[in-house]
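Since the structure comes first, as structure tokens, the remarks are kept for the end.
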Amino acid sequence: MRAAKKIAVLAMLTGLSLIAFIIESLFPPLVIPGAKMGIANVFSFAALVMYSPVEAFIIVAVRTVLGAIYAGNFSAVLYSFTGGMVSMAVSSLLLYLVYPGISITAVSIVAAVAHNITQNVVFVFLSGSVLMFGYMPYLILLGILSGGIVGGVILLIFRGVPQNAFLKIITEKKKKTGNSSLG
């Protein structure tokens, strides 16, 4: 029964993530072409907190592939998938190795900045246009803004959960795996 509940929650988080991704794709970009707030990341970050990096990575992968199919933008997979995977890797490392030394919001901000930098590097690599590195300062600023928003939403979602409960959840995951690395 516990496994069925977990699958249902993960399916719900994946669906909500996909819906947020599709809705956000309907709006014009923020300031820079292609720039979005990344509200869909709230749900994969929630899976990271509630379960483990594995589940969070799965949500990111499913969302980016299905989002590209539904939005009809297959090239978005190259950017969204790589940015999402790097972002989730950064989130996982910070959450499991550094937290509570930094806040949940700080984790989200660093991950969002990593996401934007990764997407820019992928674009430069594919296009061969190093001039696109000129967007980097703006992408970093947008990453700080969007990461702060996503981190704030995560804190609102888990507002009934005391801050030390995040640490307890993560510590329990580490004990189950028998190591202090990612759970």
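Label 7 Å along Cα→Cβ of Ile22; the stretch 47-63 residues with amide nitrogen under 19 Å?
Backbone N within reach: 59-63.
Can you tell me which of 35-47, 66-78 comes out highest on packing, and rank the rest after it, using the mean Cβ neighbours within 10 Å?
Ranking the peptides 35-47, 66-78 by packing returns 35-47, 66-78.
Based only on Cα atoms, what Rg/Rh ratio does the stretch 29-131 have, Rh being taken as Kirkwood's radius?
Taking Rg over the Kirkwood Rh, I get 0.98.
In what order, largest first, do Arg2, Arg63 sit by accessible area if the probe radius is 1.4 Å? If you can, show how the numbers build up before the last one.
Working: Arg2 200, Arg63 10 Å².
Greatest to least solvent exposure: Arg2, Arg63.
I need to check one value: relative contact order of the stretch 1-160, counting alpha carbon pairs closer than 8 Å and at least 6 residues apart, in percent.
That works out to 22 percent.
With a 1.4 Å probe and all protein chains left in place, how much accessible area per residue does the stretch 61-118 have, in Å²?
Solvent-accessible surface per residue comes out at 40 Å².
The values are calculated or read from the model by the stated rules, or taken from the named source; none is laboratory data. Nothing here was measured: the structure is a model prediction, and the numbers come from that model. Counting neighbours? That spans all protein chains shown, and the Cβs are built from the backbone with ideal geometry, glycine included. Side chains are part of the model used for accessible areas, which takes the heavy atoms of the whole protein and leaves out ligands, DNA and RNA. Shrake-Rupley method; radii C 1.70, N 1.55, O 1.52, S 1.80 Å.
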